[in-house]
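Here is the structure we will look at, set down as structure tokens.
The values are calculated or read from the model by the stated rules, or taken from the named source; none is laboratory data. Here the structure is a predicted model, which is why all the values come from computation and not from measurement. Positions of Cβ are generated from backbone atoms using ideal geometry, with glycine treated the same way; all protein chains shown enter the neighbour counts.
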Amino acid sequence: MLTRRLALAAPAALALPGIARAQAPIKMVIATGVDPSFAPFYVGKEGGFFERNGLDVTVNTGPSGSAMVAFLVGNQINAAYGAEQAGVSAHIVDPNVVAVAEGTALLRWISVLGRGIDSMEGLKGKRVGVARGTGSETFWLSVVAKLNLNPADYTIVNVEAPEMVAALERGNIDAFAVWEPWPTRAMRAIPNTKILVNNEVIQIVRNYVYMNKGWAEANRPATERFMRALIQAQEFIDTNKEQAAQQVARFLRQDRGLIAELMTKVGFRMNLTADSVGNIQLAIDQLRGMGRLGKEVTPAQVIWPEPLRWVAADRVKI
């Protein structure tokens with residue numbers, strides 16, 4: 001009798017393939033740069049937070065987080081992690097590209113570093129490497145504004161962040177404005193290099209988590225799981241600093257000591273505040289000033305707070 005019951009039950013179970021499918025992880029492709037300020041993406045993967053939230057996430061990396069934000073246009077990827085200007089520029093091309101959280105506040109992270117130069121005054125007439133359309137450019141423009149410099153006194157050379165150390169060593173540029181780990185690597189590798197100014201006295205640059213709004217709305221369960229996993233990863237980073245640094249170093253295949261040191265220079269947020277809005281507005285103003293805004297947008301258009309509200313309403317303070 002028991003055998004017969006099992007036999008009768010089997011077709012019923014097989015007739016409900018949706019149950020098995022519902023339990024299968026949801027696939028996502030996300031992308032960012034290669035530096036510890038994007039740690040929640042790496043820890044989400046290495047620490048199993050994506051997996052435990054029912055996601056099968058592929059994390060792609062490129063020359064910078066900002067470079068990868070552009071892949072959200074047309075939904076080539078589902079989420080990215082990068083700086084303010086990149087998100088605004090991508091939103092202008094495709095209004096579906098939106099910021100869903102402030103991921104990282106770069107407290108002591110971005111510097112102007114020079115070779116054979118003792119001060120910002122000595123930088124006049126020199127070639128400065130800047131990665132256009134990234135936090136590098138946002139920071140350089142803030143330096144110019146904050147220190148009341150004349151932009152015409154400097155020759156700006158467009159250089160991707162990973163190439164800056166080599167360009168400085170070859171003599172293609174005399175200085176660069178970029179985020180860690182490149183300033184630290186340059187000082188270790190090239191004699192007579194020093195930091196001329198860092199962002200602590202200029203501007204707290206911020207990295208944001210961006211998503212394709214159309215995809216996120218159509219796939220709300222995946223979006224909620226993704227946001228929840230990022231919050232869990234951020235909380236883990238704050239409370240388990242050594243383990244988090246190990247996971248980031250493993251993902252990036254970089255020295256754990258260096259990674260641990262660099263992670264003390266940033267604050268991981270996963271929230272939206274007045275400061276988040278202010279930095280997006282600054283990026284809009286900077287792009288307008290360079291004639292690269294394309295069309296007028298507001299922070300309210302670029303920032304979409306709903307995904308964060310769905311899972312952690314208390315983190316939305318705008």
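List of remarks:
- Unmet requirement for V57, which otherwise passes all of (1) within 25 Å of W179 (Cα to Cα); (2) assigned by TED's automatic domain parsing to the domain that holds P221: (1)
- Meets criteria (touching a residue at least 24 places away in the same chain (Cβ under 8 Å) and under 24 Å from M270 (Cα atoms)) for V73: yes
- In segment 283-316, the residue that is farthest from A90 (Cα to Cα) out of those that are small (G, A, S) and under 21 Å from the mean Cα position of the chain (by Cα) is A312.
Each row is one residue, and each column tells you yes or no for (1) touching a helix residue (DSSP H, G or I) at 6+ places or on another chain (Cβ under 7 Å); (2) at pLDDT below 95.
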| position | (1), (2) |
| --- | --- |
| V205 | yes, yes |
| L230 | yes, no |
| Q234 | yes, no |
| A249 | yes, no |
| F268 | yes, no |
| G278 | no, no |
| Q286 | yes, yes |
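- Residues that are in a strand (DSSP E or B) and over 10 Å from the mean Cα position of the chain (by Cα), drawn from segment 80-104: V97, V98, A99, V100, A101
- Residue in segment 178-221 that is surrounded by the most Cβ atoms within 10 Å (Cβ to Cβ), counting only those that are over 20 Å from the mean Cα position of the chain (by Cα) and more than 27 Å from L123 (Cα to Cα): N219
- The residues listed here are K265, K194, K241; of these, the one that is of a type in the set (D, E, K, R) and in the same structural domain as R115 (by TED's automatic domain parsing) is K194.
- With respect to the conditions (1) on the phi < 0 side of the Ramachandran plot; (2) out of contact with any strand residue (DSSP E or B) (no Cβ under 9 Å at 6 or more places or on another chain), F50 lacks only one, and its number is (2).
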